[in-house]
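Asks: Right, I'll just put the structure down here and ask away after.
The values are calculated or read from the model by the stated rules, or taken from the named source; none is laboratory data. Since the structure is predicted, the reported quantities are computational estimates derived from the model, not experimental observations. Neighbour counts run over all protein chains shown; Cβ positions are idealised from the backbone, glycine included. Surface areas here come from the heavy atoms of the whole protein model, side chains and all, with no ligands, DNA or RNA. Shrake-Rupley method; radii C 1.70, N 1.55, O 1.52, S 1.80 Å.
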Amino acid sequence: LSTCDGGGLPTAAGANETFQALDALAEHPSTAEYVSTKLLQRYVAENPTQAMIDTVVAEWNDLGNPAGRGDMREVLRAIFNMPEFRGPDYVHAKVRTPMEHLAASFRATRGKTDGYTELLNGSDFIETMQHMPYLVNEPTGFSEIGADWIGTNNMLERQKFGLQFTTNVDIETEPIFGADVIPLLNDNGVSTLPGNAEAIVDFMAETLFGGAITPAERQAALDYLNTDDDGIVSPYDDARIKETFGFMLGFARYLEQ
């Protein structure tokens with residue numbers, strides 16, 4: 001396409017050719033299917049069925065929509081209203097990306113951050129989890145496929161994040177990275193005094209997983225809370241409570257969207 005004049009400035013004809021090319025791409029049938037599939041992968045399932053894709057493509061091609069063909073608001077509305085969006089076979093079926101994992105942790109624990117320390121500076125968590133914003137090498141962007149995020153190193157970094165995140169708070173100062181879960185428990189009527197381990201773990205499970213925790217996972221959390229670093233039964237203190245919260249942030253279940 002000849003889009004510039006001799007001085008490097010865009011010409012009217014050149015700009016028109018660019019818009020014509022974009023229109024041709026937007027009108028191509030493959031575009032509707034490709035974008036519909038990517039949106040379904042983002043919001044519903046890594047491997048959407050052809051029937052799901054066809055439903056979204058039909059909405060894309062509906063000329064009765066306010067913005068006509070390709071009306072993204074209506075396309076997204078169709079996705080959010082389809083049964084699969086909240087269906088039991090699809091809920092929790094996707095893996096959180098590292099950025100989603102971090103954001104969910106801050107939200108669940110009332111965590112604090114300056115948006116930089118321990119997250120972006122140097123070789124910290126977002127970089128070691130390989131999810132630095134805008135720095136993906138592939139033109140297709142970061143993957144929505146969970147298996148691409150669940151490698152040995154990524155899992156280790158998520159566990160390291162959880163433990164550092166919940167134990168990094170100095171109660172004497174305003175934290176720039178961390179979550180003090182002791183006030184969170186107390187504000188919700190959960191005593192942190194000895195002898196209340198089950199209530200503490202159950203609150204953590206409700207906060208992090210909506211209560212969806214297996215008996216084995218619950219017992220693992222209780223064992224972690226009620227023992228020291230050598231595995232010897234020991235009365236827990238505030239430090240151990242914080243570590244247990246961080247330990248549970250590394251549970252496989254916490255990887256689910």
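Asks: How much area per residue is accessible in segment 64-106 when the probe is 1.4 Å and only protein heavy atoms are counted (Å²)?
Replies: Computed with neighbouring chains in place, this is 52 Å² per residue.
Asks: Another question about this same structure. Per 10 Å bin, what percent of the C-alpha pairs of segment 9-151 does each bin hold, from zero upward?
Replies: 10, 28, 29, 22, 10, 1
Asks: Which of the GluC sites (Glu not before Pro) across segment 170-257 are loop residues per DSSP, with 13 or fewer other Cβ within 10 Å?
Replies: Those satisfying the criteria are Glu172.
Asks: Which one, Val91, Val75, Val233, has the greatest fluctuation when you compute a Gaussian network model over the chain with C-alpha springs under 10 angstrom?
Replies: Val233
Asks: Please give me, ordered by residue number, the trypsin sites (Lys or Arg not before Pro) of segment 226-257 that lie in loop per DSSP and have at most 16 other Cβ atoms within 10 Å.
Replies: none
Asks: So, with a 1.4 angstrom probe, what is the percent of accessible area on the chain that is carbon and sulfur?
Replies: C and S atoms contribute 55 percent here.
Asks: Follow-up question, since we're still on this one. Over segment 84-147, what per residue volume does the convex hull of the Cα atoms give, in whole Å³?
Replies: Expressed per residue, the convex hull around the Cα atoms of segment 84-147 is 115 Å³.
Asks: Would you mind giving the three semi-axes, in whole Å and largest first, of the ellipsoid equivalent to segment 37-103 according to its Cα gyration tensor?
Replies: 24, 14, 10
Asks: Taking amide H atoms as placed 1.01 Å from N in the peptide plane, list the residues 5 or more away in sequence, or in a different chain, whose amide H sits under 5 Å from that of Val95.
Replies: Hits under the 5 Å cutoff: Gly146, Gln257.
Asks: Compute the signed sum of charges (Lys and Arg +1, Asp and Glu -1) over the other residues within less than 14 Å, Cβ to Cβ, of Thr37.
Replies: Taking every Cβ under 14 Å from that of Thr37, the sum is -4.
Asks: Between Ala199, Ala21, Ala216, where does the largest GNM mean-square fluctuation fall for the chain, given springs only between Cα atoms within less than 10 Å?
Replies: Ala21
Asks: Over all alpha-carbon pairs in the chain, figure out the percentage whose distance exceeds 28 Å.
Replies: The calculated P(r) of the chain puts 51 percent of pairs beyond 28 Å.
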